[in-house]
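The next block holds one structure in the form of structure tokens; read it before the comments.
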Amino acid sequence: MELEFIKEMFDAIAPRYDFLNRLLSLRQDIYWRRYMITALHLPQAPVILDVACGTGDVLVEITDQRPNPELVVGADFAPQMLVLAKDKLIRKHLDGRVHLLAGNGLALPFPSGIFDAVTIAFGIRNIMDRESALTGFFDCLKPGGKLAVLELATPSHPFFLSLYLFYFSRILPLIGAFFSKHLKAYNYLPASVLNFPPPKAFAAIMKQAGFAKIRWRRLTFGIATLYIGQKPLS
Ligand SMILES: C[S@@+](CC[C@H](N)C(=O)[O-])C[C@H]1O[C@@H](n2cnc3c(N)ncnc32)[C@H](O)[C@@H]1O
């Protein structure tokens, strides 16, 4: 039921998704994805999975940084997001190098231990059973493989926090609704970010799923957070 609502919502806003991402984040989203892929220190020819790939921006960033990957897979459960991802990959002549998969991030169809890295950008917030999702990501990583989770957050500094909350709860839903014609989606966005656990608590869920060497970094005054964890070698 909840999954169905999220899926329908992303299908509905798909055509305006990239435009609104750039506008509402003042183009910071591009820098955050770049930072995430750089921070993974991927091998030259990685085998990598991007969960909740949406319109494919993380996939493009991966191939920008690693032009000759062994395997890049993007998975998402919203068909309209995948259609846009496919178009983007074709436009950038990347369709031969990146594979798209329609599927639920909670039930990935991969064998254990095959990926050097798994990424998920602005997706884990939408998955309520986070521990199951993280356990699934852990399972399909090679020993020593890394998980990167990029997620929106709220700034810790009280001044930025009040400014941000005003923008996020009052202005952003109006702009989002105006351009996407989907009021619910851009009311859901601030609610889902405000309900997301703080870094320490999310890191504890990663640990529970088996990850080690967990670290996080707040980006752009704390409005996004990047988490990295590693599957232990043994
Ligand atoms: C905010 S978008 C992020 C897209 C992309 N990663 C990016 O960086 O722009 C969230 C995406 O997560 C997908 N998603 C949410 N829950 C999912 C699930 N359980 N399984 C697969 N995809 C999911 C949605 O369909 C949507 O495309």
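Find all pairs meeting these conditions: Cβ atoms under 7 angstrom apart; at least six residues apart or on different chains; first residue within segment 116-136 and more than 13 Å from G210 (Cβ to Cβ); second residue assigned to a strand (DSSP E or B) and charged (D, E, K, R).
So the pair list comes out as D116/K142; A117/K146; T119/D50; F122/E151; I124/E151; R125/E151.
Show the residue pairs that are 6+ apart or on different chains and have beta-carbon atoms under 6 Å apart, the first residue being within segment 1-28 and closer than 11 Å to Q80 by Cα, the second being near the ligand (Cβ under 10 Å from one of its atoms) and among the polar types (S, T, N, Q).
The qualifying pairs are D11/Q80; A14/Q80; Y17/T55.
Could you look through segment 81-101, keep only residues that are within 15 Å of the ligand (Cβ to nearest atom) and touching a helix residue (DSSP H, G or I) at 6+ places or on another chain (Cβ under 6 Å), and pick out the one that is farthest from I228 (Cα to Cα)?
L84
For segment 156-206, which positions are more than 23 Å from T119 (Cα to Cα) and not in a helix (DSSP H, G or I)?
Selection gives S156, H157, K181, H182.
In segment 1-55, what residues are basic (K, R) and either in a loop (DSSP other than H, G, I, E, B) or crowded, with 16+ Cβ neighbours inside 10 Å (or both)?
Taking segment 1-55 and keeping what is basic (K, R), we get 7, 16, 22, 27, 33-34.
Selection gives K7, R16, R27, R33.
Considering (1) part of a helix (DSSP H, G or I); (2) among the aliphatic types (A, V, I, L, M); (3) near the ligand (Cβ under 9 Å from one of its atoms), say which one L134 fails and leave the rest.
Going through (1) part of a helix (DSSP H, G or I); (2) among the aliphatic types (A, V, I, L, M); (3) near the ligand (Cβ under 9 Å from one of its atoms) one by one, L134 breaks only (3).
Out of L100, L71, L84, which single residue is in contact with a Leu (Cβ under 9 Å, 6 or more places away or on another chain) and within 23 Å of N21 (Cβ to Cβ)? Show your work before the answer.
Working: L71 fails: within 23 Å of N21 (Cβ to Cβ); L84 fails: in contact with a Leu (Cβ under 9 Å, 6 or more places away or on another chain).
Every option except L100 fails the conditions.
Values in this text are rule-based calculations from the coordinates and carry no lab data. None of these values were measured; they are calculated from a predicted model. Every residue, glycine among them, receives a Cβ derived from its backbone with ideal geometry; neighbour counts consider all protein chains shown.
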